[in-house]
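The values are calculated or read from the model by the stated rules, or taken from the named source; none is laboratory data. Being a predicted model, the structure only gives us computed values, none of them experimental. Cβ placement follows ideal geometry from the backbone for every residue including glycine, while neighbour counts extend to all protein chains displayed. The accessibility values were calculated without ligands, DNA or RNA, using every heavy atom of the protein model including side chains. Shrake-Rupley method; radii C 1.70, N 1.55, O 1.52, S 1.80 Å.
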Amino acid sequence: PEDSMKMAALQLQVCRLQSPGSKSRRSLQSCSRRPHTTRAAQRGRVVVSCAQADTDIQSSIRVPSQYLNNTFGLELSIKDSAELGRDEVVQQIKDAFTQSGGLVVIKGANDLLPRQLVQFTSQFGAVEQNPGIKREYLVPGYEEIQVIGNVKDHQGNPRAIFADAAVIQDSDIQYDPSRCEPVWHTDQLFRDPQPAGSMLYCREAPPTGGDTCFADMAAAYEALPSEEQARLLSLRAVCSYAHHNAKIQKKTPTYPLLSEEDRRKFPPLYRPIVACHPFSGRLCLSGFNSSVCAVLEAGETLTQEQVDVMEIQGEEDPSVAEQLYAKLLPFATSPQFTIQHSWEEGDLVIW
């Protein structure tokens, strides 16, 4: 509705972690490429299976905890946001992050101040400053925190990054290649090294809708037939920062395009479709990102003419849909691999 006061508000504050160390030390979300999780922002609600944390994790996490889908995703409950400043609680959360597929949902972090969010995030590594994001979409005084959602100021101007998307039902969570929806994605594939993770903190939540979904890419890869696993090992995704921005701007006009200087500074990267998690050693699917403009066999490269078309016009090679979105993403986002999180004020998600 045009009257923003009648719109159910959704406001998430996001901090992103830099990859620790040099390019030779890969982050939680890479092994040069990707973590166990892929994310999609959705609406609706779906019931997922829950199980109490296994003994080895339960013993190391003294705050109440439970898995969200088999052994993927761990939900922790804290008394208040002050607990996030306790060393022992921070260590328990770190343990959960590495032992539950890279997804932790923390309940009870109500009234978390911006400085506390930055301080907590810094316990996991250096915090990024959000280069390239317009200042009106950052928390004043805290350029580390980006605001996403549908909130507006008193003049009706957006004060958060918001991507308009079609309303979907519970049954539509799984990716549908005929509609190219919902928009599942991995983050920051065009960067080397990739960020180590993100903290998403809910300041405002609507009564329904605005959910975020996560998928276990390691479990999905392991469930594929051995022949398909072997075939995917030979493929590389061409990841372009400029293509990413050009493609997203078609739907989100506020998204910035790269200058010619930045295009030269950030050339396309060739990343494996199957990544290796640096801590667990598990192989996991990768490549589901708007920066991917082509999928090639190992050793193949694009011509500069092809790169120009993809980076300036936001065009995508047919190989992306054929190799990633026709069958692979629908399989990887089927119910046995996914979690749908319905936001409540005070939720803090690490992924």
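Brief remarks on what is shown
- The listed residue being more than 26 Å from ILE173 (Cβ to Cβ), touching a residue at least 40 places away in the same chain (Cβ under 8 Å) and surrounded by fewer than 16 Cβ atoms within 10 Å (Cβ to Cβ), out of SER234, SER240: SER234
- Segment 182-202 residues that are closer than 14 Å to ARG16 by Cβ, paired with ones that are part of a strand (DSSP E or B) and among the aromatic types (Phe, Trp, Tyr) (beta carbon under 7 Å, 6 or more apart): none
- Positions within segment 263-292 being more than 16 Å from LEU224 (Cα to Cα) and among the hydroxyl-bearing types (Ser, Thr, Tyr), in sequence order: TYR270, SER280, SER290, SER291
- Within segment 177-187, the set of residues being out of contact with any Leu (no Cβ under 8 Å at 6 or more places or on another chain), surrounded by fewer than 24 Cβ atoms within 10 Å (Cβ to Cβ) and in a loop (DSSP other than H, G, I, E, B) comprises SER178, ARG179, CYS180, PRO182, VAL183, ASP187.
- Some residue of segment 141-151 being open to solvent by 40 Å² or more (accessible area, probe 1.4 Å), over 18 Å from the mean Cα position of the chain (by Cα) and aromatic (Phe, Trp, Tyr): yes
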